[in-house]
Each structure stands twice: as structure tokens, then as C-alpha cells.
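S.K.: After the C-alpha cells below, expect a handful of questions from me.
Read-outs throughout are calculated quantities, based only on the coordinates presented, and are distinct from any laboratory measurement. Small disclaimer: the values here were computed from a predicted structure and weren't measured. Cβ sites come from the backbone with ideal geometry, for glycine too, and all protein chains shown count toward neighbours.
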Amino acid sequence: MAQLGSSGASVGEVSMSDLRSKEDVAVEDGDRSNREFSDLSVVVPVFNEELSIRDTLEELCAAIPHAEVVVVDDGSQDATGKILAELDGIVVVNHERNRGYGAALKSGMRAASRTFVAWFDGDGQHRPEDLMAVARPVISGEKDAAIGARGKGSSQPLERLLGKSVLKLLAESLSGEDIPDLNSGLQCFPRRLIRRYVHLLPDGFPASTNTTLLLLERGYRVGFVPITTRERLGTSKIRLMADGVSTLKHIVRMVVLFDALKVFSLLGFVLIVPGLIYGFTLALIKGEGFPTLAGTVVVSGLLIVLIGVVVDQVTELRKERFEEPWD
């Protein structure tokens with residue numbers, strides 16, 4: 001007679017639970033893995049994306065079925081709204097008119113109900129596996145926020161590369177931070193964190209730039225996760241000149257808001273240093289005395305620095321509203 005093991009099954013016998021196929025185990029492992037995103041709300045802003053939205057959402061929902069998917073239709077005039085009405089398992093927010101990329105994100109975040117919020121483009125560029133890679137360090141608590149950084153294999157229009165490089169260089173110079181991707185549309189953060197800054201996000205295209213800068217300026221632990229974007233389907237909604245100028249304005253605005261003294265000091269010294277060089281050159285070498293023009297330039301630079309000191313004190317007071325209360 002065969003001896004019984006501790007489980008009550010005889011040695012040499014195989015219980016039915018041991019006969020599970022490798023496929024069953026893989027399904028269970030995949031389901032367990034997907035449940036880690038049950039506390040995640042994915043905000044998908046769309047505007048006239050009839051060519052891509054169905055496949056994008058079906059792929060996304062299949063990859064992370066336990067996440068909440070909030071789609072914001074920003075006043076689409078094509079068949080996007082009709083397609084969204086045919087899909088199950090998503091939350092749809094409708095704008096009666098086109099209000100802009102940032103406005104759609106803000107509406108989606110206000111409608112989100114889970115602990116964490118992620119942004120995901122509806123034009124087919126983003127891959128669900130990249131979304132999961134970006135969300136994991138935030139959900140695990142390893143990072144306060146995570147941003148997808150597009151690599152060399154990503155699809156990026158050549159006509160925008162020069163402008164993006166200039167804006168990235170300016171943002172890094174003003175913020176003093178290394179920014180692998182300034183305006184990535186794939187980002188993730190705790191909902192309680194981002195809701196404190198929603199009012200700072202513009203309604204237009206620079207919204208993703210603003211969040212990147214403010215998270216870095218506020219000193220949060222931001223992780224840049226390598227991602228690969230695909231070629232978008234349909235026509236891009238970005239206006240090169242208008243959105244470029246708007247992004248430039250918001251870069252300066254965001255840095256001034258959180259580090260005004262740095263910006264005003266930089267502007268002031270741009271006047272002070274040349275003014276001193278010019279003035280002392282005439283005064284010492286040519287013996288003509290310190291010229292009035294040089295004095296005016298130097299004084300103007302000093303006034304800009306002093307204004308920066310005052311603005312910096314005001315911004316320090318405003319920063320208190322962003323702090324979490326003590327327990």
C-alpha cells in the first residue's frame with residue numbers, strides 16, 4: 001500500500017489540481033499581473049480620431065482590463081462620438097465644443113475615480129505595454145510620478161524636431177534639470193498629487209510640458225521610462241508656430257512660478273555684465289569716464305534682479321497652497 005503524504009494524497013498519485021495546463025497557469029499569472037492596475041484610471045483625450053480610437057481602446061482594455069478607462073471626446077466632428085457610444089467598459093466625457101488638449105485632460109482627471117491617473121493618447125501612438133511600464137513605479141511607490149521618454153525608435157515628425165530641441169534646451173537651462181522628454185503625452189501620477197496642480201495646466205497643447213516642469217520644480221521623484229511610440233493615425237492637431245510659441249510662454253511661466261529669482265537674476269545679469277564691461281572699458285582704457293548709457297544698463301539690470309527678489313518672496317507664499325497639511 002502506498003504511503004500517504006501530508007496532503008492526504010498517496011505518493012505516486014497526482015491530484016487534479018496538479019493537472020493544470022501551462023496555458024491555465026499563464027492565464028492566471030497574466031490576470032494577477034493585470035490586477036495590479038485595478039487602482040489606475042487611464043485618461044484618453046480624443047479629437048476627431050475616428051481612424052484610430054476603436055483599435056486603440058480595444059487594445060488598451062484587453063491589456064489592462066481591470067483599469068478604469070476615461071475617454072474625453074473634445075468636441076469631435078467626425079464619427080469618434082458614434083464609435084465611443086458603441087464600446088463597452090469605458091467612461092465617456094463629452095465636450096460640446098473643442099476646448100483643447102489640456103482641457104480634455106483636466107476633464108478626464110476630474111472624472112477619474114481610482115487612486116492613480118495616467119494619460120494615454122487616443123491616436124494610436126502609445127502602446128499599452130509602455131503604459132504599464134510607466135505606471136508600475138508610481139503604483140509601487142518607487143516614484144512620485146513617471147513620464148514616458150520617447151527613444152530613437154519612436155515615430156516623431158521631422159519638422160518638429162528642431163523646435164522641440166530648442167524648447168527642451170531652454171527648459172533645461174531655466175529649470176536646471178535634465179529632461180529626456182519635455183512634452184510626453186504618456187504620464188502617470190497619484191490622483192491626490194496631480195489634483196493640487198490641475199488649475200496650473202493650460203487648456204491647450206502645452207499641458208504635458210507644464211506637468212513635467214512643475215513636477216521637477218517641486219522636487220518630486222520623477223522617473224523617465226523609455227518608451228517607443230508608433231506612427232499616429234490621422235492628421236496631427238498640432239499647430240507648429242502657435243503651439244510652439246504657447247509652449248515657450250508656459251515654460252517661462254512655470255519656471256517663474258516656482259523659481260522666479262533664477263529667471264530674473266539671469267535676465268538682470270544679461271544687462272549688468274555687458275554694461276560693466278562697456279562702462280569700465282571706456283572709463284579705464286580711454287579715460288572718458290563711466291558713460292551714462294552703461295550706467296543706465298547696469299541700473300536696469302539691478303532693478304530686474306531686485307524685482308526678482310520681490311517676486312520670489314510672493315511665489316514662496318503661494319507655494320504654501322501646494323503643500324499637504326501636517327497630520
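S.K.: How many nm separate the modelled label positions at HIS199 and LEU306, each set 7 Å beyond the Cα in the direction of the Cβ?
M.R.: Output for this residue pair reads 3.2 nm.
S.K.: Mind listing the phi-derived Karplus ³J(HN,Hα) values for the stretch 305-314, rounded to whole Hz, using 6.51, -1.76 and 1.60 with θ = phi - 60°, and x for any glycine or proline?
M.R.: 5, 5, 4, x, 5, 5, 4, 4, 5, 5
S.K.: Against the empirical 2.2 N^0.38 Å scaling, what ratio does the C-alpha Rg of the stretch 259-322 come to?
M.R.: 1.46
S.K.: Something else now. Here is the link list: LYS82/LYS106; LYS152/LYS262; LYS106/LYS168; LYS262/LYS286; LYS82/LYS143. Which ones come out longer than 28 Å on Cα distance?
M.R.: Cα-Cα > 28 Å for LYS152/LYS262; LYS262/LYS286; LYS82/LYS143; rest within.
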